[in-house]
Amino acid sequence: MANKEGYTPRDVQQVSASIRKILGSRESASHFRVGTDAVEFNIFADNEKELEERKRLLTESSFRIVSVRLLDTPPKAVVKAEALEEGIQLFNEERFWESHEALEQAWHIAKGVERDAIQSIILTAAAFVHYQKGEEEICLSIMKRARAKMSLVKACEVIDFDSLERNINGILDSEKVQLFKLRISRV
């Protein structure tokens, strides 16, 4: 949903309580993540009719739905380059959970040092998922793992790893999370 209220990850409890109240139960939604432009969460519905009803309730309560992705369908097979491109795009849209999923598809295909390079990006996306959930300490802990994995290898020609490493070092050195965009390598 669009984040027209300007919520931050620190507001995740307030946002989740509000949405669950609108939907009528605590079990109807979970895994809330607050990004700059959108609030993401999982809605549980037994069927299409129930999903449409929950979307209607949110829309009538002045929430604007930006996108809906069904999570109970297996991902389609893609080539590594497509998975990387999609993962980067989703990362740069602050859709870190979905980015993580797309990048994992590329990671499964990759081999050797490229596999480790992609894993460092996946860990960065995972760290930002926790930040969006208001879990800053967990974010920083996972970010350390991303940096450790990255220091071993910078072998993914699509990503500017120098920029990625500078951003991660800045976050870890300051202990202040700042979202950033992945830069495309100019190789």
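A short reminder: the numbers here are calculations on the coordinates, not readings from a lab. Just so it is clear, the model here is predicted, and its values are computed rather than measured. Neighbour counts are summed over all protein chains in view; Cβ atoms, including those assigned to glycine, are modelled from backbone coordinates with ideal geometry.
Quote the charge dipole size of the stretch 80-174 about the Cα centre in Debye, to the nearest 20; the model charges only the Cβ of Lys and Arg (+1) and of Asp and Glu (-1).
Working: 11 positive and 18 negative charges, 84 e Å.
Its charge dipole is roughly 400 debye.
Return a whole-number percent for the relative contact order of the stretch 80-174, with Cα pairs under 8 Å and 6 or more residues apart as the contact set. Intermediate results must be reported in sequence, preceding the final value.
Working: 113 pairs, mean separation 22.4, N = 95.
Reported relative contact order: 24 percent.
To the nearest 10 degrees, how steeply does helix 96-109 sit against the main Cα axis of the chain, on a 0 to 90 scale?
50 degrees
Which whole-number percentage describes the relative contact order of the stretch 9-60, with Cα contacts under 8 Å and a sequence gap of 6 or more?
Numbers: 46 pairs, mean separation 15.7, N = 52.
Relative contact order here is 30 percent.
So who's got an amide H within less than 5 Å of the one on A29, skipping anything under 5 residues away but keeping other chains? H placed 1.01 Å off N, in plane.
When sequence neighbours closer than 5 places are left aside, the close amide H contacts are F44.
So what are the radius of gyration and Dmax for the Cα set of the chain, in Å?
17.4, 52
How high is the relative contact order of the chain, in percent, with contacts defined as C-alpha pairs under 8 Å that are six or more residues apart?
Working: 258 pairs, mean separation 33.4, N = 187.
Value for the chain: 18 percent.
In debye, nearest 20, what is the charge dipole magnitude of the chain about its Cα centre with +1 on Lys and Arg Cβ and -1 on Asp and Glu Cβ, if you could check?
Working: 28 positive and 31 negative charges, 46 e Å.
Approximately 220 debye in magnitude.
Work out, step by step, the length gained on full extension between L172 and I22: first 0.36 nm times the residue separation, then minus their alpha carbon distance; give nm to one decimal.
On the way: separation 150, 0.36 × 150 = 54.00 nm, distance 3.77 nm.
This chain segment gains 50.2 nm when fully extended.
Quick one: if you stick a label point 7 Å off each Cα along the C-beta vector at E135 and E53, how many nm between them?
Distance between the two pseudo-spin positions: 3.1 nm.
First measure r as the distance between the Cβ atoms of D162 and F44, then evaluate 1/(1 + (r/R0)^6) with R0 = 45 Å and state the FRET efficiency to the nearest 0.05.
On the way: r = 42 Å, r/R0 = 0.93.
The calculated FRET efficiency here is 0.60.
Name the most mobile residue of G134, G35, G170, meaning the one with the largest mean-square fluctuation, in a Gaussian network model of the chain with Cα contacts below 10 Å.
G170
If you build a Gaussian network model of the chain, linking Cα atoms that sit under 10 Å apart, which residue out of S141, S25, S99 swings the most?
S25
Given the options Q178, I43, S67, identify the residue whose Cα lies farthest towards the positive end of the charge dipole of the chain (+1 on Cβ of Lys, Arg; -1 on Cβ of Asp, Glu).
About the Cα centre, the residue reaching furthest to the positive side is Q178.
For the stretch 80-174, what D do you get in µm² per second when you plug the Kirkwood radius from alpha-carbon pairs into Stokes-Einstein at 20 °C and 1.002 mPa s? Write out the running numbers ahead of the final one.
On the way: Rh = 12.9 Å.
Diffusion coefficient, whole number: 166 µm²/s.
Using the alpha-carbon atoms, what tilt in degrees (0 to 90, nearest 10) does helix 12-23 show relative to the longest principal axis of the chain?
For helix 12-23, the angle is close to 40 degrees.
Give me the dipole magnitude in Debye, nearest 20, for the stretch 98-146 about the Cα centre, with unit charges on the beta carbon: positive for Lys and Arg, negative for Asp and Glu. Provide the component values of the computation, followed by the final result.
Numbers: 5 positive and 8 negative charges, 38 e Å.
That gives a dipole near 180 debye.
Which of S30, S16, S61 moves most in a GNM of the chain, Cα contacts under 10 Å?
Ranking S30, S16, S61 by mean-square fluctuation puts S61 first.
Please work out how much length the chain gains when fully extended from V78 to T36, using 0.36 nm per residue of separation minus the C-alpha to C-alpha distance, in nm with one decimal.
Numbers: separation 42, 0.36 × 42 = 15.12 nm, distance 2.88 nm.
That works out to 12.2 nm of additional length.
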